[in-house]
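S.K.: Here's a structure for you.
The values are calculated or read from the model by the stated rules, or taken from the named source; none is laboratory data. In this text the structure is predicted, and so the values were computed from the model without any measurement. Quick reminder, even Gly has a Cβ in these numbers, built from the backbone with ideal geometry, and neighbours come from all protein chains shown. When the accessible area is computed, the model is the full protein with side chains, heavy atoms only, and any ligands, DNA or RNA have been set aside. Shrake-Rupley method; radii C 1.70, N 1.55, O 1.52, S 1.80 Å.
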Amino acid sequence: MLRNYTSTYPITDLSTPVTGTSALNRFASDIADGLNRTLKTTSSKYFYDAEGSRLFQQIMHLPEYYLTRCEQEIFTTHKQTIAKQLADGQGSFNLVDLGAGDATKTKLILQELLQQNAAFTYVPVDISGDAVSELCENLQHELPQLQTQAIVGDYFDALDWLDATTPGRKVLLFLGSNIGNFAPEERTAFLQKVREHMQPGDMLLIGMDLCKAPETILQAYNDASGVTAAFNLNLLHRINRELEGNFIVEQFAHFALYDPQQGVMKSYVVSKQQQDVSIKATGQTFHFNAWEAIHTESSYKFTKQQLHDIAIENGFTLQHIFQDKNDYFADVLYTVDQHDRTEPGLRGKLF
Ligand SMILES: C[S@@+](CC[C@H](N)C(=O)[O-])C[C@H]1O[C@@H](n2cnc3c(N)ncnc32)[C@H](O)[C@@H]1O
């Protein structure tokens, strides 16, 4: 994990708390927990070390990976309306980019907000210190007039910190189909927790990948040049590097499949032979049968009806759906009702 931030923008690092579990210990215990299950699994949030972030940037430029191009098209086409709606004529606000990555698409909105003279602070949040550091350096060159407060840390550590230190209206961005990585019950838990951090007047703009021809979806996660395979297998390299694992990565393969009934793309790494893998930081050895798989990522796709249902289920009002011309992708603007007077503990359940 990179700790030498060269940016002169303020970067708050919440990933290594003074007390409690360090990020590395949490990584080790999450990996051990996932690999000890009958159906082995790992969290997709651990894809993004420096190498993972670099590979993801390559994925975004792949011909098969339509998601980035579609969201870029949406922002290019609708940026004036989006920026106006986010600024909402209400004075200053914090634009909180949850899982900002390299913020390529967010920059289209940032430029437009600056053009419209909106008063806002850009708050990129990412669990990857490398991603945040690179983004800040890049923003200093590309948008030097931008007011920025970057945060390295988990989504909710960042939202807790913001609530405690930086009051004011919040506009949350959750772009690039990140929401699709959650299973339905995790998605509900995530959105209800986000909702609890929001007040009347706050907004949430979410990127959601829509259901479409299964072949199109499958190819996006199984590209011909093998970049997605390298991205998936990098998780094993990362475990070797950071947790002192001894995965022989060549003995594992990337595998991806799309389930059109559940609307979910699933990625795995499959052990090509029977083997044992030790991970020193966990103090454990994990056994793999031949062709046993680790489920590394789910990516859910949504119907239009679900975009409405998700608002109702989680205490939001659906304000606007922005779409690309092919109907492949949607950026959905949810608001918190100005007249919402529910108690924080009840929020998200009464709509
Ligand atoms: C798929 S990329 C999307 C980047 C960008 N929003 C986009 O649309 O291109 C996901 C980003 O979310 C970050 N991330 C994943 N889980 C996170 C978590 N729990 N807290 C904070 N950031 C997270 C990753 O490090 C990565 O940079």
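S.K.: Touching a strand residue (DSSP E or B) at 6+ places or on another chain (Cβ under 8 Å) and open to solvent by 30 Å² or more (accessible area, probe 1.4 Å): is that true of Phe247 in this structure?
M.R.: Against the criterion (touching a strand residue (DSSP E or B) at 6+ places or on another chain (Cβ under 8 Å) and open to solvent by 30 Å² or more (accessible area, probe 1.4 Å)), Phe247 does not qualify.
S.K.: Same structure again: Could you give me the residue pairs with C-beta distances under 7 Å whose first residue belongs to the range 24-50 and is without any contact (Cβ under 8 Å) to a residue 24 or more places away in the chain, whose second residue is within 15 Å of the ligand (Cβ to nearest atom) and of a type in the set (D, E, K, R) wherever it lies, and which are 6+ apart or on separate chains?
M.R.: As it stands, the answer is Ser43/Asp30, since those pairs meet every condition given.
S.K.: Go through the range 90-113 and report how many residues are within 13 Å of the ligand (Cβ to nearest atom) and not hydrophobic (A, V, I, L, M, F, W, C).
M.R.: Summing the residues that are within 13 Å of the ligand (Cβ to nearest atom) and not hydrophobic (A, V, I, L, M, F, W, C) in the range 90-113 gives 8.
S.K.: Right, next: Restricting to the range 250-275, name every residue that is among the β-branched types (Val, Ile, Thr) and either open to solvent by 10 Å² or more (accessible area, probe 1.4 Å) or not in a strand (DSSP E or B) (or both). Quick ask: steps written out before the conclusion?
M.R.: Residues of the range 250-275 that are among the β-branched types (Val, Ile, Thr), as a first pass: 264, 269-270.
The one that is among the β-branched types (Val, Ile, Thr) and either open to solvent by 10 Å² or more (accessible area, probe 1.4 Å) or not in a strand (DSSP E or B) (or both): Val270.
S.K.: So Thr77 passes all but one of these: (1) part of a helix (DSSP H, G or I); (2) buried (at least 20 other Cβ atoms within 10 Å of the Cβ). Which condition number does it fail?
M.R.: It is condition (2) that Thr77 fails.
S.K.: While we're looking at this one, here's another question. How many residues does the range 111-125 hold that are open to solvent by 30 Å² or more (accessible area, probe 1.4 Å) and not polar (S, T, N, Q)? Give the derivation first.
M.R.: Taking the range 111-125 and keeping what is open to solvent by 30 Å² or more (accessible area, probe 1.4 Å), we get 111, 114-117, 119.
Cutting the leftovers down to not polar (S, T, N, Q) gives us 114, 119.
Counting residues in the range 111-125 that are open to solvent by 30 Å² or more (accessible area, probe 1.4 Å) and not polar (S, T, N, Q) gives 2.
S.K.: Against the condition assigned to a helix (DSSP H, G or I), over 21 Å from the mean Cα position of the chain (by Cα) and farther than 27 Å from His197 by Cα, how does Thr68 come out, does it pass? Lay out the reasoning, then the answer.
M.R.: Values: assigned to a helix (DSSP H, G or I): yes; over 21 Å from the mean Cα position of the chain (by Cα): no; farther than 27 Å from His197 by Cα: yes.
No.
S.K.: So Ala220 ticks every box in (1) buried (at least 19 other Cβ atoms within 10 Å of the Cβ); (2) without any contact (Cβ under 8 Å) to a residue 60 or more places away in the chain; (3) of a type in the set (A, V, I, L, M); (4) more than 16 Å from Phe47 (Cα to Cα) but one. Which box is left unticked?
M.R.: (2)
S.K.: Further, regarding this structure: Restricting the search to the range 278-294, which residues are over 17 Å from Leu39 (Cβ atoms) and buried (at least 20 other Cβ atoms within 10 Å of the Cβ)?
M.R.: Scanning the range 278-294 gives Ile279, Thr282.
S.K.: Here is a follow-up. Evaluate the following for Ala213: is it surrounded by fewer than 20 Cβ atoms within 10 Å (Cβ to Cβ), under 17 Å from Glu51 (Cβ atoms) and among the small types (Gly, Ala, Ser)? Outline the logic, then answer.
M.R.: Working: surrounded by fewer than 20 Cβ atoms within 10 Å (Cβ to Cβ): yes; under 17 Å from Glu51 (Cβ atoms): no; among the small types (Gly, Ala, Ser): yes.
Criteria not met by Ala213.
S.K.: Now for a different question. State yes or no: is Glu196 more than 18 Å from Gly99 (Cα to Cα), touching a residue at least 24 places away in the same chain (Cβ under 8 Å), of a type in the set (Asp, Glu) and surrounded by fewer than 22 Cβ atoms within 10 Å (Cβ to Cβ)?
M.R.: yes
S.K.: Continuing with this model, one more query. For the range 86-120, give me each residue that is among the polar types (S, T, N, Q), touching a residue at least 40 places away in the same chain (Cβ under 8 Å) and outside any loop (DSSP other than H, G, I, E, B).
M.R.: Selection gives Asn94, Thr104, Thr106.
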